[in-house]
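One structure is given here, and the rest of the page talks about it.
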Amino acid sequence: MNSREDQLKAVDRLLTIMDELRAQCPWDQKQTMQSLRHLTIEETYELGDAILDGDLQEVKKELGDLLLHIVFYAKIGAETGDFDIADVSNSICDKLIHRHPHIYGGVEVADEEEVKRNWENIKLAEGKTSVLEGVPASLPALVKANRIQDKVAGVGFDWEKPEQVFQKLQEELGELQEEIDNGTEERIEAEFGDVLFSMVNYARFLKINPENALERTNKKFIKRFSYLEAKAKEAGKSLKEMTLAEMDVHWNEAKRL
């Protein structure tokens, strides 16, 4: 691995290239924080895909893309006189030191859960008006549910045992069935949302990231369905021409493979 000196040189090289691109490249000159925003989100999802795939070379590549965006935003901030990369770095360093008194202060903690509780309490002491203030409104609903539950658990608003959460999930499923039998579409949707929220909560107790779990299932389904499509093509048929029984044969083959 590279030495600390080589790592710092590499970051300095990137900063220099960013200066040159911003000064000389028409496309880079034109970019604003607003124009980069959607690209940054896309790069973040690409990094997430690489992590789920376990492709470390792709993780390295996507981290580079994301690092470029961070440097880009910092460069724009420097041009407006608001902040530069040093301010960005020092800001997160100061925050980490302040929120880890068990490392940089005299506070003792028993375990990870106590660290999380201290973290949320420190944030409230910093002037946050709500534990949930840091949950971005634009997060996808599944990710947002996970973050909401994680944050409130950090201040002690939580179940004590996984069995209690599973019991709550079963209760929510029962309420959903009641609305399916007797309710309106709006009530069914509301109860379905409660079921999903409970599932996310149960995943947390099982120490499973629900977003990762669902995405793995998505990838598994895509792989199996692609196999089914390939087999249909080999047989000279479209999927619409195949019976469900025929499709099930190839689907089960895909599962075995």
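For A230, the requirement of being over 30 Å from E112 (Cα atoms) and among the small types (G, A, S) is met. Scanning region 65-106 for residues that are of a type in the set (G, A, S) and buried (at least 16 other Cβ atoms within 10 Å of the Cβ), we see that the one that is farthest from N121 (Cα to Cα) is A78. Of all residues in region 197-254, those satisfying the criterion of being without any contact (Cβ under 8 Å) to a residue 24 or more places away in the chain, hydroxyl-bearing (S, T, Y) and assigned to a helix (DSSP H, G or I) are T217, S226. Just a yes or no: is a residue in region 164-172 assigned to a helix (DSSP H, G or I) and in contact with an Asp or Glu (Cβ under 7 Å, 6 or more places away or on another chain)? Scanning region 164-172 turns up at least one residue that is assigned to a helix (DSSP H, G or I) and in contact with an Asp or Glu (Cβ under 7 Å, 6 or more places away or on another chain). Of all the numbered requirements in (1) farther than 22 Å from L142 by Cβ; (2) surrounded by fewer than 13 Cβ atoms within 10 Å (Cβ to Cβ), Q170 misses one, and that requirement is (1).
Does E179 meet the test of being assigned to a helix (DSSP H, G or I) and closer than 30 Å to H38 by Cα?
Against the criterion (assigned to a helix (DSSP H, G or I) and closer than 30 Å to H38 by Cα), E179 does not qualify.
Is there a residue being surrounded by 11 or more Cβ atoms within 10 Å (Cβ to Cβ), over 24 Å from N218 (Cα atoms) and at pLDDT 95 or above anywhere in region 43-64? Yes, the conditions are met somewhere in region 43-64. Could you tell me whether any residue of region 128-139 is over 18 Å from the mean Cα position of the chain (by Cα) and of a type in the set (D, E, K, R)? Scanning region 128-139, I find at least one residue that is over 18 Å from the mean Cα position of the chain (by Cα) and of a type in the set (D, E, K, R), so the answer is yes.
Give the residues of region 176-196 that are touching a residue at least 40 places away in the same chain (Cβ under 8 Å) and β-branched (V, I, T), sorted by residue number.
none
Within region 148-163, which residues are surrounded by 13 or more Cβ atoms within 10 Å (Cβ to Cβ) and assigned to a helix (DSSP H, G or I)? Within region 148-163, I148, Q149, D150, K151, V152, A153, P162 meet the criteria. Filtered by the rule that a residue be without any contact (Cβ under 8 Å) to a residue 12 or more places away in the chain and charged (D, E, K, R), region 5-26 gives E5, D6, K9, D12, R13, E20.
The values are calculated or read from the model by the stated rules, or taken from the named source; none is laboratory data. Values in this document were obtained by computation on a predicted structure and should not be read as measured data. Backbone-built Cβ (ideal geometry, glycine too); neighbour counts: all protein chains shown.
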